[in-house]
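Novice: Take a look at the following structure, please.
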Amino acid sequence: MKNRPYRIHKKHQPHKKVNDESIEETLKKLQKPGPKGSDYRERSLKIHGLICAKCGREFEEKTRHLLTVHHKDGNHLNNPPDGSNWENLCVYCHDDEHARDLLGKYLSEGKE
Ligand SMILES: [Zn+2]
Ligand SMILES: [Zn+2]
């Protein structure tokens, strides 16, 4: 009599969990600020122009230091390359926008 080869039933493998690693890496990238943290400022000025989004005041190269970048969602680490989280605000409007925040801290960090 022939011995039938014993067939092992392949156990059904449960689906692998979503790769936690890639999520972590994505988060790391999101939280990584620019080289000096002020990199987004230049980009935002380029994208949105030297104009205050609130009062419409225009600025020139000479006065551009009066224009600051505001993060719409309040998260300074959220800097999408398309500028969708940025708003250029003059220091006065920015001050207004952050009346309850520690604007001084933000400004001293954003300026170099
Ligand atoms: Zn303004
Ligand atoms: Zn702001």
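Here, each number is a calculation from the coordinates, and none is a lab measurement. All values reported here derive from a predicted model rather than from experimental measurement. Backbone-built Cβ (ideal geometry, glycine too); neighbour counts: all protein chains shown.
Novice: Which length gain, in nm to one decimal place, applies between ASP39 and GLU61 when the Cα-Cα distance is subtracted from 0.36 nm times their residue separation?
Specialist: Extending this stretch completely gives an extra 6.2 nm.
Novice: For the pair SER22 and HIS76, how long in nm is the line joining their label points, each one 7 Å along Cα→Cβ?
Specialist: Computed distance between label sites SER22 and HIS76 equals 3.2 nm.
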